Amino acid sequence: MTRRELEQLVDLGEGISLEFKRRVPQPERIAKEIVALTNTHGGRIVLGVDDDGTILGIDHASEEEFLLRQAVEAHCRPTVDYQTERVVVEPRCDVLVVTIPESTSKPHRVTVDGESVEEGKAYVRVEAKSIVASPETVQELREQKDRSGVTFEFGETESLLMRYLDDYGRISVSQLAQLADISSERASQTLLRLTKADLLHLHPDEDGDYFTLNY
């Protein structure tokens, strides 16, 4: 990547697939960003750039690469593939571009202090933030690899759900549970089953996930 290409990338600003960091933060924090990107659509972390897009560079790129590798090996489960590229911005001052592909082994989690994989937290990207994945989002990530052979009965709950979505456009697990007078667990299963059938779309959100019709 040339300096000009770096500038064009930075001009895009932070978003669902792009994160700026002045340098590698605490291991759990950088692991969170990496896991969120690989669980979503993949993307890049640019080290040596301030939040406002100012290109600062880092003096010791090798040290930052070492810290990054340590963080991924210690806290990302399963481990996450990534590539790094150095872009010289000044003599002995580089920007480190970390490219993380979208995973085919979702969900990835961040584990700390000897946690098991299931005890770790999964993260996803929503706009320019990395947020904790809800149980519904984690299940949806698991099922992304196989959306074939989904069967379900289109009963009273599903009819209520579709009428509600026609009127209001979106619904949460708790709203469906209240609407259909069913448990939250059953509401979650219903919404996820219709999502797997490509009838609904799940939207992770910091204030609570919601579902919309998939068209």
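In table form, for the structure just shown:
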{"item": "Residue under evaluation ASP198, criteria (1) in contact (Cβ under 8 Å) with a residue 12 or more places away in the chain; (2) at negative phi, criterion not met", "result": "(2)"}
{"item": "Residues located in the range 78-113, provided they are under 12 Å from VAL35 (Cα atoms), assigned to a strand (DSSP E or B) and of a type in the set (A, V, I, L, M)", "result": "ILE100, VAL110"}
{"item": "Unique match (being in contact with a helix residue (DSSP H, G or I) (Cβ under 9 Å, 6 or more places away or on another chain), at pLDDT 90 or above and over 26 Å from ARG125 (Cβ atoms)) among ILE171, ILE182", "result": "ILE182"}
{"item": "Subset of the range 70-111 [surrounded by fewer than 19 Cβ atoms within 10 Å (Cβ to Cβ), out of contact with any strand residue (DSSP E or B) (no Cβ under 9 Å at 6 or more places or on another chain) and not charged (D, E, K, R)]", "result": "GLN70, ALA74, THR79, PRO91, THR104, SER105"}
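The values are calculated or read from the model by the stated rules, or taken from the named source; none is laboratory data. Given the structure is predicted, the values throughout are model-derived calculations rather than measurements. Neighbour counts run over all protein chains shown; Cβ positions are idealised from the backbone, glycine included.
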